[in-house]
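The values are calculated or read from the model by the stated rules, or taken from the named source; none is laboratory data. Every value quoted in this text rests on a predicted model; they were computed, and no experiment measured them. Counting neighbours? That spans all protein chains shown, and the Cβs are built from the backbone with ideal geometry, glycine included.
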């Protein structure tokens, strides 16, 4: 993207500028994106110039925690403002559960407020089968099948912009745009496929690697990825992030040219991170370590302080009340920008690739992980040991809080989702059934 156009577009964002009109709300949901792979988070590669610019024009939250290790429960937390135990969407005893109609739901709230609402999702877990369509006037989640593959970021932006052209000028919009590209397999389009890779590498850990059998071989000790192979996979992953960021820049350019930038609240948030052998595995959904649970969060637009970097512990479940507050939809909702905002312990739970349940809690620089069924604990001092390598005895106060979290009853009954037939095959194609 032309740098001058990007600067022009971001200049028109006017982050923090008051407005008399109700702001548009745009939620950018990026799948499988680690916080530490963004330039604004200190990464050594120039992967995210667009997000970095949004962070400079708005507010960057450097310590945002995910509520889960995989898409269905994490995305539900973002859109409901609830933790994984409260909303109940996810996996329990090898069964899958979707979004309950009895919980708060961001698009439903904005639709009730007269907003035109649109969704652009790219994975089956965010389809109408799992209840993500509720509250959207326009719901776009392409069906998956044997001959299809998840839509890339460029096509997603095209679909969003086509919809946006039809939104009446006098009607505010709420849109949720989901980018799936950083998810395995890492197969960015040119020139992003070679942006960070070593041209001399010709091994097997390439843009086709990451199928069920290959991941199982790593996780069960039948395969060891050599350093050069790991480097190539991570370089391709970074290429996917860079491509997604470029397409986000194109979206922002279009908002500017349509005269919408100055009155649009933009939120960029990840659902979960990605493992690269930090704790013996690849992909996600297996653990609750920080490479999985530390996600990006950026706010930019009306009412957002400009150029701030916040180190305070926050969570995905803070997104909904903050958006309601900033948009004026619920001025009393507890915003991350409220003077009295106080961090509280942040829980996470729900994993896919293990027999027993895991739960975790982060607070005051400490992290506690609890293997519920095996009844083991791991505690880490994140300030001294951010890589979670030195296991410490469990803090009794954190343990009590974590047990309280795990015992939290769901606020409403999450619906069982039958994944037999074609849906089972779709999930197998994506690697979600192994």
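Below are the figures for this structure:
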| quantity | calculated |
| --- | --- |
| Residue satisfying all of: in region 288-316; in a loop (DSSP other than H, G, I, E, B) and in contact with a strand residue (DSSP E or B) (Cβ under 7 Å, 6 or more places away or on another chain); nearest to residue 220 (Cα to Cα) among these | 288 |
| Condition broken by residue 135, with the remaining ones in (1) assigned to a loop (DSSP other than H, G, I, E, B); (2) at negative phi; (3) touching a helix residue (DSSP H, G or I) at 6+ places or on another chain (Cβ under 6 Å); (4) surrounded by fewer than 24 Cβ atoms within 10 Å (Cβ to Cβ) satisfied | (2) |
| Filtered residues of region 275-287 (kept if in contact (Cβ under 8 Å) with a residue 24 or more places away in the chain, surrounded by fewer than 24 Cβ atoms within 10 Å (Cβ to Cβ) and in contact with a strand residue (DSSP E or B) (Cβ under 8 Å, 6 or more places away or on another chain)) | 276, 281, 282, 283, 286, 287 |
| Single unsatisfied condition, residue 108 versus (1) more than 29 Å from residue 170 (Cα to Cα); (2) modelled with pLDDT of 95 or more | (1) |
| Total residues in region 85-111, condition under 20 Å from residue 335 (Cα atoms) and touching a strand residue (DSSP E or B) at 6+ places or on another chain (Cβ under 9 Å) | 5 |
| Breaking point among (1) farther than 21 Å from residue 75 by Cα; (2) touching a strand residue (DSSP E or B) at 6+ places or on another chain (Cβ under 9 Å); (3) assigned to a loop (DSSP other than H, G, I, E, B), for residue 114 | (2) |
| Residue in region 185-193 that is crowded, with 18+ Cβ neighbours inside 10 Å and either closer than 22 Å to residue 258 by Cβ or touching a strand residue (DSSP E or B) at 6+ places or on another chain (Cβ under 6 Å) (or both) present | no |
| Qualifying position, being in contact (Cβ under 8 Å) with a residue 60 or more places away in the chain, surrounded by 15 or more Cβ atoms within 10 Å (Cβ to Cβ) and out of contact with any helix residue (DSSP H, G or I) (no Cβ under 9 Å at 6 or more places or on another chain), among 218, 177, 167 | 218 |
| Where residue 254 falls short, out of the listed (1) under 30 Å from residue 168 (Cα atoms); (2) in contact with a helix residue (DSSP H, G or I) (Cβ under 6 Å, 6 or more places away or on another chain); (3) surrounded by 20 or more Cβ atoms within 10 Å (Cβ to Cβ) | (3) |
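So that you can scan it fast, the table gives a plain yes or no per residue for (1) touching a helix residue (DSSP H, G or I) at 6+ places or on another chain (Cβ under 6 Å); (2) surrounded by 24 or more Cβ atoms within 10 Å (Cβ to Cβ); (3) in contact (Cβ under 8 Å) with a residue 24 or more places away in the chain:
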position: 42; (1), (2), (3): no, no, no
position: 48; (1), (2), (3): yes, yes, yes
position: 52; (1), (2), (3): yes, no, no
position: 55; (1), (2), (3): yes, yes, yes
position: 58; (1), (2), (3): no, yes, yes
position: 62; (1), (2), (3): no, no, yes
position: 66; (1), (2), (3): yes, yes, yes
position: 73; (1), (2), (3): yes, yes, yes
position: 79; (1), (2), (3): yes, yes, yes
